[in-house]
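S.K.: First the structure, then my questions, so here it is.
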Amino acid sequence: MDDATTLMTSLSEQECWVRLRNNEMGRLAVAVDGRPDIFPVNYFASGSSILFRTAGGTKFDDVTVNHAVAFEVDHFDQDGGWSIVVRGTAKPLTTPAEIADAESAPLKPWIPTDKPNFVRIDVEVVTGRAVVFALDPRHEGTL
């Protein structure tokens, strides 16, 4: 095992879910007509799904056209970082029961705008890795 291997580790699915549940800001990645797009969203992770709310517009339109999405959450500081990537199916919530359940979730919007649409990502695959930052051996004293 070389130094690069010891500095980067895969996170278990359980570790990924702990980090997803302990954060509230992520990035939704979609593709429509072969054109990728990415949106920052506030979210709530529960069970094996991720919930967010949105206004009408590009983000909402994209998940209603192509339900296959990716979702990413990360964190870093001076010592290292981690990232989690989720792949799943986005489903706009439409029934009164689904909406009532979603409204009880602790979603914390950053911008006080009307976001009447709830979307749930049913997670199919979750992967993650953590890294420890180290000095670059080619340039002493730098990362």
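The values are calculated or read from the model by the stated rules, or taken from the named source; none is laboratory data. None of the values given here were measured: they were computed from a predicted structure. Don't worry about glycine lacking a Cβ; one is built from the backbone with ideal geometry, like all the others, and counts go over all protein chains shown.
S.K.: Looking at segment 50-79 only, could you name the residues that are free of Cβ contacts under 8 Å to residues at least 60 places away in the same chain and assigned to a strand (DSSP E or B)?
M.R.: ALA68, VAL69, ALA70, PHE71, GLU72, VAL73, ASP74, HIS75, PHE76
S.K.: While we're looking at this one, here's another question. Name the residues in segment 59-78 that are in contact with a strand residue (DSSP E or B) (Cβ under 7 Å, 6 or more places away or on another chain) and of a type outside the set (A, V, I, L, M, F, W, C), would you?
M.R.: Within segment 59-78, LYS59, ASP62, THR64, ASN66, HIS67, GLU72, ASP74, HIS75 meet the criteria.
S.K.: If I filter segment 9-21 for residues that are modelled with pLDDT under 95, part of a helix (DSSP H, G or I), surrounded by 14 or more Cβ atoms within 10 Å (Cβ to Cβ) and out of contact with any Lys or Arg (no Cβ under 8 Å at 6 or more places or on another chain), do I get at least one hit?
M.R.: No, there is no match, as no residue in segment 9-21 is modelled with pLDDT under 95, part of a helix (DSSP H, G or I), surrounded by 14 or more Cβ atoms within 10 Å (Cβ to Cβ) and out of contact with any Lys or Arg (no Cβ under 8 Å at 6 or more places or on another chain).
S.K.: Filter segment 22-35 down to the residues that are of a type in the set (D, E, K, R) and surrounded by 12 or more Cβ atoms within 10 Å (Cβ to Cβ), then identify the one that is modelled with the highest pLDDT. I'd like the intermediate steps shown before the answer.
M.R.: Taking segment 22-35 first, the residues of a type in the set (D, E, K, R) are 24, 27, 33, 35.
Subsequent filtering for residues that are surrounded by 12 or more Cβ atoms within 10 Å (Cβ to Cβ) retains 24, 27.
Values: GLU24: 94, ARG27: 97.
The qualifying residue modelled with the highest pLDDT is ARG27.
S.K.: Would you check if ALA134 is modelled with pLDDT under 90, small (Gly, Ala, Ser) and over 20 Å from GLU13 (Cα atoms)?
M.R.: Details: modelled with pLDDT under 90: yes; small (Gly, Ala, Ser): yes; over 20 Å from GLU13 (Cα atoms): yes.
Against the criterion (modelled with pLDDT under 90, small (Gly, Ala, Ser) and over 20 Å from GLU13 (Cα atoms)), ALA134 qualifies.
S.K.: Quick one: would you say LEU93 is over 19 Å from LEU11 (Cβ atoms), in contact with a Leu (Cβ under 8 Å, 6 or more places away or on another chain) and not β-branched (Val, Ile, Thr)? Working first, answer last.
M.R.: On the way: over 19 Å from LEU11 (Cβ atoms): yes; in contact with a Leu (Cβ under 8 Å, 6 or more places away or on another chain): no; not β-branched (Val, Ile, Thr): yes.
Spelling it out, it is not the case that LEU93 is over 19 Å from LEU11 (Cβ atoms), in contact with a Leu (Cβ under 8 Å, 6 or more places away or on another chain) and not β-branched (Val, Ile, Thr).
S.K.: Only one of PRO96, PRO92 is on the phi < 0 side of the Ramachandran plot and loosely packed, with under 14 Cβ neighbours inside 10 Å; which?
M.R.: On inspection, the qualifying residue turns out to be PRO96.
S.K.: Also: Name the single residue, out of those in segment 105-135 being of a type in the set (A, V, I, L, M, F, W, C) and either out of contact with any strand residue (DSSP E or B) (no Cβ under 8 Å at 6 or more places or on another chain) or outside any strand (DSSP E or B) (or both), that is surrounded by the fewest Cβ atoms within 10 Å (Cβ to Cβ).
M.R.: The selected residue is ILE111.
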